[in-house]
Amino acid sequence: MAREKLLAGHAVRRLRRRTALTQAAMAEMLDVSPSYLNLIERNQRALPAGLLVRMADIFDFDPRALAAGEPGGGAEAIRRRLGDPLFADLEVDRHEVEEWLAAAPGGAEAFARAFDRGGGGHTATEATDPVAMTRREIDRWRNHFPDLDAAAETLADELRLVGADLYGALVDRLRVRHGLSIRILPIDTLPDRLYRLDLHARQLQLSETLGPSARAFTLAVQLGHVEARAEIDALARGAAFSDRAAERLFRRHLAGYFAAAVMMPYARFLRACEASGYEMATLQNRFGTSFEQVAHRLTTLQRVGARGLAFFMIRIDRAGQSSKRYGGSSGAALVEGEGRCPLWRVHHGFDRPGTPFVQLVALEDGSRWFTLSCAVQARGGGMGDGPAAVPAEFAIGLGVAVAQATGLAAARGIDLDGPATPIGLGCRSCLRSGCPQRSAPPAGRALVVDDRERALSPWRFGGE
């Protein structure tokens with residue numbers, strides 16, 4: 001089981017200042033030395049679980065508050081903002097960012113808020129985009145909602161008492177508890193819908209195009225709307241969205257999160273992950289789920305005291321546009337930005353749908369990632385009629401830091417210390433020189449044009 005160190009110096013310092021205590025006074029209350037507390041506040045020591053519990057008891061707060069989010073989203077998120085062309089000449093490195101976060105977390109948070117709201121790069125537009133607003137709230141929670149997980153586990157345990165058939169148990173629950181019957185309709189009756197809730201007829205109508213896992217998921221979503229309403233309402237209120245569409249999108253995400261947690265209850269799913277080496281086919285078969293559903297669930301395993309590996313997930317189409325991005329607690333820059341590197345094999349999945357591709361990749365910041373990619377077809381039919389119908393296809397990119405990949409079934413036989421493919425975050429953000437696959441020069445760098453020679457890449461730029 002992966003256990004992450006909790007570096008919460010900024011939050012501890014904020015708590016101490018809010019209670020008007022000196023380091024010496026707080027250290028005495030916690031029965032530690034002032035020098036040790038000083039190291040914790042400077043993020044040079046992790047916050048031990050025992051000390052966290054003691055602080056929560058003395059100062060009466062939710063322990064999750066200390067881990068609820070680093071200033072500006074943490075070092076990697078700050079570095080991504082500093083990757084804007086506006087700061088291209090500063091060349092701020094990782095060490096400087098970490099020092100900044102440790103010495104002035106409030107200043108780092110202020111910079112992040114000003115950048116996001118005012119506008120470096122594309123973030124000014126994102127500030128009013130409902131999809132971006134929803135994603136920021138999901139990222140703030142690192143796509144882990146403990147209250148929803150707890151409620152879903154309780155429901156899953158109750159459903160197991162009904163029978164081993166999850167779909168049948170969900171049907172009975174909706175019928176008996178909520179007066180909703182389930183009806184499967186042919187595609188010509190629901191030509192452009194996956195499901196429809198007919199409250200007048202008290203029917204949840206499902207398209208026949210939905211497979212078994214999608215049908216169970218849809219039923220569990222409806223249960224989430226009614227049986228986890230209190231938890232979802234509390235999370236939506238806490239987000240304080242100014243945009244109604246963003247709030248609705250967030251609620252839809254939360255209902256889907258609850259549904260996945262019912263199908264893959266946290267404790268049972270984590271045990272299965274660890275026993276199988278996170279083997280995707282085993283997890284799909286055991287829980288009756290799809291590759292995409294398992295991939296999404298892997299990004300949520302962050303329960304205190306029972307953490308899974310820190311996976312990220314991204315879903316893209318053939319044009320490289322992303323429709324899902326979940327970084328979880330991975331801190332992976334690969335889920336950020338709109339650009340994709342063609343050297344990352346997530347695109348290769350479209351050549352052989354259903355076949356996973358594994359790859360070691362290295363980013364410009366030196367981080368190394370083990371990635372698993374697979375193309376999937378969206379549930380339901382396609383656009384158009386007959387032979388001309390166009391099905392929706394997506395590629396799922398799943399990854400974890402190489403340091404955490406040693407126990408993965410998919411990594412067996414792979415030298416994790418061996419060569420990794422050097423990739424970037426899209427040509428406009430990538431400063432790697434000499435890449436023959438480069439399609440555009442990096443933003444903020446002056447072009448170098450020389451008619452006397454031609455390199456492998458048509459784009460040369462200042463700083464190479």
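The values are calculated or read from the model by the stated rules, or taken from the named source; none is laboratory data. Note that this is a predicted model, so its numbers are computed, not measured. A quick note on method: Cβ atoms are made from the backbone with ideal geometry, for glycine too, and the neighbour counts reach across all protein chains shown.
Could you tell me whether the range 254-266 includes any residue that is more than 30 Å from A410 (Cα to Cα) and at pLDDT 95 or above?
The initial filter retains those residues of the range 254-266 that are more than 30 Å from A410 (Cα to Cα), namely 255.
From what's left, at pLDDT 95 or above: 255.
Yes, there is a match, as at least one residue in the range 254-266 is more than 30 Å from A410 (Cα to Cα) and at pLDDT 95 or above.
Does any residue of the range 406-418 turn out to be in the same structural domain as G331 (by TED's automatic domain parsing) and acidic (D, E)? Checking the range 406-418: at least one residue is in the same structural domain as G331 (by TED's automatic domain parsing) and acidic (D, E).
Out of L343, L360, I need the residue that is at pLDDT 85 or above, in a loop (DSSP other than H, G, I, E, B), among the hydrophobic types (A, V, I, L, M, F, W, C) and over 20 Å from E292 (Cβ atoms). Which one? Full working, then the answer.
On the way: L360 fails: in a loop (DSSP other than H, G, I, E, B).
When all the criteria are applied, what remains is L343.
Within the range 349-380, track down each residue that is more than 21 Å from the chain's Cα centre (by Cα) and buried (at least 16 other Cβ atoms within 10 Å of the Cβ). Those that are more than 21 Å from the chain's Cα centre (by Cα) and buried (at least 16 other Cβ atoms within 10 Å of the Cβ): R379, G380.
A214: outside any strand (DSSP E or B), in contact with a strand residue (DSSP E or B) (Cβ under 9 Å, 6 or more places away or on another chain) and either without any contact (Cβ under 8 Å) to a residue 60 or more places away in the chain or surrounded by 13 or more Cβ atoms within 10 Å (Cβ to Cβ) (or both), yes or no? If you could, list the steps in order and put the result at the bottom.
On the way: outside any strand (DSSP E or B): yes; in contact with a strand residue (DSSP E or B) (Cβ under 9 Å, 6 or more places away or on another chain): yes; either without any contact (Cβ under 8 Å) to a residue 60 or more places away in the chain or surrounded by 13 or more Cβ atoms within 10 Å (Cβ to Cβ) (or both): yes.
Yes: the conditions hold for A214.
Residues of the range 409-428 that are within 26 Å of G320 (Cβ to Cβ), of a type in the set (A, V, I, L, M, F, W, C) and in a loop (DSSP other than H, G, I, E, B): I414, A420, I423, L425, C427. Out of the range 219-239, which residues are in a loop (DSSP other than H, G, I, E, B) and either under 21 Å from the mean Cα position of the chain (by Cα) or over 28 Å from R183 (Cα atoms) (or both)? Correct list: empty. Check the range 295-317 and report whether any residue there is buried (at least 16 other Cβ atoms within 10 Å of the Cβ), modelled with pLDDT under 95 and assigned to a helix (DSSP H, G or I). Looking through the range 295-317, none of the residues is buried (at least 16 other Cβ atoms within 10 Å of the Cβ), modelled with pLDDT under 95 and assigned to a helix (DSSP H, G or I).
Just a yes or no: is a residue in the range 101-122 closer than 27 Å to K324 by Cβ, in a loop (DSSP other than H, G, I, E, B) and either at pLDDT 80 or above or in the same structural domain as M313 (by TED's automatic domain parsing) (or both)? There is no residue in the range 101-122 that is closer than 27 Å to K324 by Cβ, in a loop (DSSP other than H, G, I, E, B) and either at pLDDT 80 or above or in the same structural domain as M313 (by TED's automatic domain parsing) (or both).
Results for (1) over 26 Å from L82 (Cα atoms); (2) not hydroxyl-bearing (S, T, Y), shown as yes or no for each residue.
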| site | (1), (2) |
| --- | --- |
| Q284 | yes, yes |
| Y326 | no, no |
| E336 | no, yes |
| C341 | no, yes |
| D351 | yes, yes |
| S367 | no, no |
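Pairing residues of the range 232-256 that are touching a residue at least 24 places away in the same chain (Cβ under 8 Å) with residues that are of a type in the set (S, T, Y) and surrounded by 17 or more Cβ atoms within 10 Å (Cβ to Cβ), at Cβ distances under 7 Å and at least 6 apart in sequence or on separate chains, gives A246/T134; L249/T134; F250/T134; H253/T134. For I182, the conditions (1) out of contact with any Leu (no Cβ under 7 Å at 6 or more places or on another chain); (2) surrounded by 13 or more Cβ atoms within 10 Å (Cβ to Cβ) are fulfilled apart from (1). Residues in the range 267-281 that are in contact with a strand residue (DSSP E or B) (Cβ under 8 Å, 6 or more places away or on another chain) and within 24 Å of V376 (Cβ to Cβ): L270, M280.
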